[in-house]
Amino acid sequence: MSDRKLAAIMPRRILSCWFFGLLLLSACSNEPVKNKTHLEVKPHAVARKSKPKPIEPVRSYKMADNQAGLNLLEADTRMQAGDSQAAQKALDKINATELPPEQFSKYKLIEAQIAISMGDAEQALKKLEAARPAVLADVDQINYYQSLAFVQALLGNAVPSVRARLKLGRLLQSPEQQKQNIIAILDGLSVLPIENLNTSASITDELSGWMALAKVLKQRDVPGFDTAGQIQQWRQTFPGHPANADYLQAYLNPPKVAAQPTEDSQEPAQAQTPPAAGATIAVLLPSSGSYAQAGKAIKEGLTVAHRLAASAAQQMPLKYYDSEQGDIVSIYRQAIADGAKQVIGPLVKEQIQSLAQTNDLPVPVLALNHVENLNKANLYQFGLSPIDDAEQLALRAKRDGLQNAVLLTPDTVQGQRIRHYLMSAWQAQGGAVTGMESYAPKQHDFSAILKNLQNTSVSVDGKKQPLAIFISASPELSRELAPQLKYQQSGELTVYAMPNIYSGRQNPTRDTELGKITFCDIPWLFADAYSGPLSQQAVQNTWQGLSDSQIKLVALGIDAYNLLGQLGQLATAPYAGATGRLSLASDNRIARKLVCAQFKGGVPVSTGFVE
């Protein structure tokens with residue numbers, strides 16, 4: 001059987017892991033130098049002179065300070081930000097035939113990344129084959145081999161994909177990176193039929209070692225197979241193999257971590273009853289239509305949480321249903337007929353309303369959105385609701401001693417909703433709203449609006465009182481708004497932003513102006529607020545390939561899975577989740593307490609939960 005034909009038999013779970021594990025990311029690095037939002041800078045050699053010259057600015061990729069180099073740098077920055085269209089426009093300004101070897105290879109790498117983002121694996125492979133990885137900077141070599149491994153896997157070429165991973169392994173620095181690479185190699189080889197893993201006894205190179213090990217692991221669940229003995233024999237045959245360290249032990253014995261306990265829980269763990277045969281957790285998510293990308297991001301979080309929990313104890317499998325393919329009530333009933341004991345989803349509000357209108361819900365539903373004024377037995381609503389965001393932001397401003405506030409929100413339907421939530425939350429804290437303004441989504445000049453808002457400030461005995469300004473703006477718009485706020489800002493004005501100011505992907509170069517803005521967001525984004533095997537850093541391979549607008553949905557998926565065993569206790573025992581400290585409100589809505597933060601040097605730094 002050819003490698004290409006293997007694409008047809010590759011399980012969707014494995015392919016999904018490859019896609020998000022290999023697409024344009026560094027494998028779970030703890031090292032800032034490997035962050036792709038930074039460009040590696042190599043210093044130029046300086047000739048000795050009798051008189052020292054002024055130090056010149058450093059240059060990326062050894063590039064001459066010319067327009068082609070600047071356009072290439074822009075393309076790279078745009079691509080790493082997830083904007084492939086803007087990256088392509090920057091590349092279109094470059095005459096590739098005039099580029100020196102390193103720039104040309106970088107050009108081809110970015111072209112390949114754009115092709116990957118468009119789903120064109122064959123075109124991406126052609127672009128990668130035109131590049132020379134040896135002339136690239138180290139960080140770009142890592143991106144090159146990750147892209148190559150992913151594309152080859154997508155085309156069904158399992159062995160070439162693993163060969164790319166082997167070269168990648170020689171570039172990775174940290175033990176965590178190497179461990180993740182080993183997992184990717186073994187997962188990639190696991191899709192091969194066992195006869196394709198046979199190697200000659202006289203060949204003991206690295207690839208042969210991986211294939212021999214994958215053959216052993218593929219048989220470890222076969223009754224009577226001596227896994228320990230076979231691994232010991234493998235160790236003796238391949239004594240210097242990379243997997244012959246602690247990494248293999250970690251792969252064979254993953255950390256026994258189940259759903260995270262509540263902070264106040266002191267009860268001993270109880271033995272879990274194995275799930276009944278045929279029992280499943282039904283997941284009703286859109287895998288087609290306009291919400292497919294959001295569904296994909298949530299699925300990534302569900303998958304990684306389920307995989308971790310299953311490593312500690314037997315768990316019911318997840319069974320996915322496309323919520324866009326038919327009536328949601330019929331899909332729910334079909335899931336029950338298929339053996340569902342718990343249901344996660346749907347995501348779309350109209351579908352949640354449809355489920356709420358049925359006579360009864362015999363199997364509990366954890367819906368992944370929030371519909372106001374809806375309360376139904378056995379229907380729990382859990383989402384990244386702006387209601388929680390507004391309440392936490394208002395509470396933080398109140399804790400900072402502020403009494404008066406003004407609101408700045410977009411002139412859209414969603415903006416009007418957020419304005420309502422902010423006003424209600426602030427007034428519930430006893431605060432006064434002294435002014436409100438809205439802006440057009442494509443507005444760039446906010447000077448008049450900001451002046452109007454400041455003119456609403458309250459004076460007592462001729463002295464202006466401190467004023468909070470609550471804003472809702474995307475990362476891109478916030479970067480334009482921040483300098484204008486800074487110009488207007490004084491000791492009497494403090495800026496608070498809804499969490500849409502931060503996508504979840506660090507961009508210190510572009511976010512340096514945001515340092516005076518406080519925002520509150522999900523704990524998963526901050527290592528000191530949510531750590532462990534499901535932290536943002538630990539599951540980096542699940543979200544690096546997602547668009548900025550989808551990153552936080554991975555955390556929603558993680559919590560959605562882990563909450564299934566907590567629903568009966570949430571009313572009295574809050575759960576420390578990735579999306580917040582979670583508790584159950586009276587209308588079966590799961591409320592969230594958030595972590596607040598400020599940007600320091602363009603990087604968001606947690607200031608702790610709002611207490």
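The values are calculated or read from the model by the stated rules, or taken from the named source; none is laboratory data. Note that the structure is a prediction, hence the values are computed from the model and not measured. Positions of Cβ are backbone-derived with ideal geometry, glycine not excepted, and every protein chain shown enters the neighbour counts.
Identification of helices (runs of 4 or more DSSP H) wholly contained in segment 104-188 with 1 or more residues that are buried (at least 21 other Cβ atoms within 10 Å of the Cβ) and in contact (Cβ under 8 Å) with a residue 60 or more places away in the chain yields 138-154, 158-169. Which ones in segment 570-611 are in contact with a Ser or Thr (Cβ under 7 Å, 6 or more places away or on another chain) and of a type in the set (S, T, N, Q)? Residue satisfying the conditions is Q598 alone.
Put simply, of K486, K464, K516 the only residue that is closer than 20 Å to S606 by Cβ and at pLDDT below 85 is K516. Against the test of being among the hydroxyl-bearing types (S, T, Y), outside any loop (DSSP other than H, G, I, E, B) and more than 24 Å from L285 (Cα to Cα), the options T509, T542, T607 yield a single qualifying residue, T607. Restrict the check to segment 468-479 and report whether at least one residue is modelled with pLDDT under 90, out of contact with any Asp or Glu (no Cβ under 7 Å at 6 or more places or on another chain) and polar (S, T, N, Q). Scanning segment 468-479, I find no residue that is modelled with pLDDT under 90, out of contact with any Asp or Glu (no Cβ under 7 Å at 6 or more places or on another chain) and polar (S, T, N, Q), so the answer is no. Looking across segment 118-134 at every residue that is of a type in the set (A, V, I, L, M, F, W, C) and within 26 Å of the chain's Cα centre (by Cα), the one that is modelled with the lowest pLDDT is identified as M118.
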